[in-house]
Amino acid sequence: MHVVTSETMRRIDEIAIDEMGIPGIDLMHRAGEAIARISSGFYDDLACKGYIGIFAGPGNNGGDGWVCARLLKSKDYPVKVFSVVLPDNLTGDARTAFEEARDAGVDCRIVEAESIDISGMGMAIDALLGTGAKGTPRGAVGEIVRLLAMAELPIIAVDNPTGADADNGSVEGIAIPAIATVSLALPKLGQFLYPAREFVGQLFVADIGIPNEAISRASGDIDYRVDTASDLAALLPFRAGDGHKGTFGKASIIAGSTGMTGAVALSAESALRSGAGLVEAVVPEGIVSIVDSLVLEIITRGVPQVAKHKCLSIRALGDIVRIANEADAIAFGPGIGTHRETVDLTARLLLRLIKPTVIDADALNCIAKLMRRDVPVKFGCPVVITPHPGELS
């Protein structure tokens, strides 16, 4: 799924409305429908008591809130809208949405005209500013943000929590902590970055009817993607019903040292869960019994070790090459440590492995030590590296 910045989303809206002729009010109606559906689901599931307070801003985000209010009222949910602007100051689609809600009998309060009493409120919906806002919220909006930040209420955010930057994930001062965010059309980059991610809660992406053509026409501006469950499922190969462990491939995991048997167990179980039919763990011979007791479903192969440290010895090279190259895929490195012999083994082993190999954890640290010693590191196999930030550095 594409992930966009607020500017890219603005461009997509512009293409859909101005160039493709899709009425903006139609998009707003679909946005309000999605927000109402998700909000009412949370209201029911959490058995909320009291009314739903919708905080509407001056722009289209507020317009989405007005549509949501009208639809919730039509389903007999108790709703009150708190607007930060006088309705006469609303324009465009937001004005239309307000008039539709007013004609449906939605209760509206002007924040500037009276104080907000949330004592009877069971849920809040943040429809204040949306994705384009930057910096610390001020004025009436800032007061509402501070109020809701301290309130013990479930809050649903429309498109993006107010106070959290939708582009870079920053939070200047204070932001509204949502239990769920309904991101309209596409998710926004800042919703995946901390600290804003903590304020987003559960992220829903609502289809509001923007054509794929509008998104593809702005694709030159889209630099980010996120894999969804359906995206990943499409990558999984077909598994025959009469298959067996030999059908689904063999993985070899070269891992472990004294005190690091958990790294072997976690890696081996991950390989099994991801679909490998047979998993072998190639470990120092002194930790075989421990690994055997941690993961029952794998084959454990012990190889020569540095006796005192129970880590992989240079003498293990031949055995490891023979065992690992019989597999379909290899993982090398979890918990192997960085003993001098293990580092030397790494340089020789990577040149002799011929099957696709994931290089992880301490194997990366061993490579770093080799590079500092100006020892050339060459690969005889296709390689994927999986560093955490410290290893990447």
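The values are calculated or read from the model by the stated rules, or taken from the named source; none is laboratory data. Because the structure is a prediction, the values reported are computed rather than measured. Using ideal geometry, Cβ is built from the backbone for each residue, glycine included, and neighbour counts are taken over all protein chains shown. Ligands, DNA and RNA are excluded from the accessible area calculation, which covers all protein heavy atoms including side chains. Shrake-Rupley method; radii C 1.70, N 1.55, O 1.52, S 1.80 Å.
Using only the Cα atoms, work out Rg/Rh for segment 221-358, with Rh taken as the Kirkwood radius, to two decimals. Before the final figure, lay out the partial values.
On the way: Rg = 16.5 Å, Rh = 15.9 Å.
Rounded to two decimals, Rg/Rh equals 1.04.
Not counting ligands, DNA or RNA, and with a 1.4 Å probe, what is residue 73's accessible surface area in Å² rounded to the nearest 10?
80 Å²
Averaged over every viewing direction, what's the projected area of the C-alpha convex hull for segment 24-64? Give it in nm², one decimal, please.
Averaged projected area of segment 24-64's Cα convex hull equals 3.0 nm².
Cα atoms only, segment 287-393: Rg and Dmax in Å?
Radius of gyration, then largest Cα-Cα span, for segment 287-393: 13.6, 41 Å.
Rounded to whole Å, give me the distance from the Cα center of segment 87-118 to that of segment 270-348.
66 Å
Suppose R0 equals 51 Å. What FRET efficiency, 1/(1 + (r/R0)^6) with r the Cβ-Cβ distance, do residue 217 and residue 292 give to the nearest 0.05? All intermediate terms of the calculation are to be shown ahead of the outcome.
Values: r = 58 Å, r/R0 = 1.13.
After rounding to 0.05, the efficiency reads 0.30.
Taking the Cα atoms only, what angle lies between the long axis of helix 362-372 and the longest principal axis of the chain, rounded to 10 degrees?
Approximately 70 degrees, to the nearest 10.
Identify all lysines with a Cα-Cα distance to residue 245 below 23 Å; exclude those on the same chain that are fewer than 8 residues away in sequence.
Filter leaves 355.
For residue 110 and residue 231, what does the FRET efficiency come to when R0 = 45 Å and r is the distance between their Cβ atoms, rounded to the nearest 0.05?
In this case the efficiency is close to 0.50.
Which whole-number percentage describes the relative contact order of the chain, with Cα contacts under 8 Å and a sequence gap of 6 or more? Intermediate values should be presented prior to the final figure.
Working: 802 pairs, mean separation 47.1, N = 393.
Result for the chain is 12 percent.
Enumerate by residue number the trypsin sites (Lys or Arg not before Pro) in segment 216-282 meeting two conditions: DSSP loop (anything except H, G, I, E, B), and at most 10 other Cβ atoms within 10 Å of the site's Cβ.
239
Which is the longest run of the chain containing none of the chymotrypsin sites (Phe, Trp or Tyr not before Pro) found in DSSP loop states (not H, G, I, E, B) with at most 14 other C-beta atoms within 10 Å?
1-237
Just from the alpha-carbon atoms, what are the Rg and Dmax of segment 130-273 in angstroms?
Answer for segment 130-273, Rg first and Dmax second: 21.7, 66 Å.
Note the full-extension length gain between residue 149 and residue 136 as 0.36 nm times their separation in residues minus their Cα-Cα distance, in nm to one decimal.
Additional length available on full extension: 3.3 nm.
Semi-axes, largest first, in whole Å: what does sqrt of 5 times each Cα gyration tensor eigenvalue give for segment 71-161?
They are 20, 17, 13 Å, listed from largest to smallest.
For 131, 247, what's the largest-to-smallest order of accessible area, 1.4 Å probe? The partial results should precede the final answer.
Numbers: 131 20, 247 75 Å².
Descending order: 247, 131.
Measuring from the lowest to the highest alpha carbon on each principal axis, how far does segment 192-275 reach, largest first, in angstroms?
If we take the Cα atoms of segment 192-275, the spans are 51, 40, 25 Å.
Using only alpha carbons, build the gyration tensor for segment 1-113 and give me the equivalent ellipsoid semi-axes, biggest first, whole Å.
Semi-axis lengths for segment 1-113 are 25, 18, 13 Å.
Which order do the peptides 340-348, 155-163 come out in when sorted by mean C-beta neighbours inside 10 angstrom, highest first?
Those peptides, ordered most packed to least, come out 155-163, 340-348.
In Å and whole numbers, how far do the C-alpha atoms of the chain stretch along each principal axis, longest first?
Principal-axis extents of the Cα atoms in the chain, largest first: 82, 48, 44 Å.
What percentages, rounded to whole numbers, describe P(r) for segment 235-311 computed over all alpha carbon pairs with 10 Å bin width beginning at zero?
The percentages, shortest bin first, are 20, 47, 23, 9, 2.
Per DSSP H run of at least 4 residues, take -39500 (n - 2.57); add these up for the chain, divide by its residues and hand me the 222 nm value, nearest 500 deg cm²/dmol.
Result for the chain, helices only: -10500 deg cm²/dmol.
Any idea how far apart residue 269 and residue 371 come out in nm if each label point goes 7 Å out from Cα toward Cβ?
Label-label distance for residue 269 and residue 371, simple model: 3.2 nm.
What fraction of the Cα pairs in segment 149-192, stated in percent, has a spacing above 16 angstrom?
Value for segment 149-192: 33 percent of Cα pairs lie more than 16 Å apart.
With every protein chain present, what is the per residue accessible area of the chain (1.4 Å probe, Å²)?
Solvent-accessible surface per residue comes out at 47 Å².
At what distance in nm do the modelled label points of residue 224 and residue 198 sit from each other, each positioned 7 Å from its Cα along Cα→Cβ?
Computed distance between label sites residue 224 and residue 198 equals 1.9 nm.
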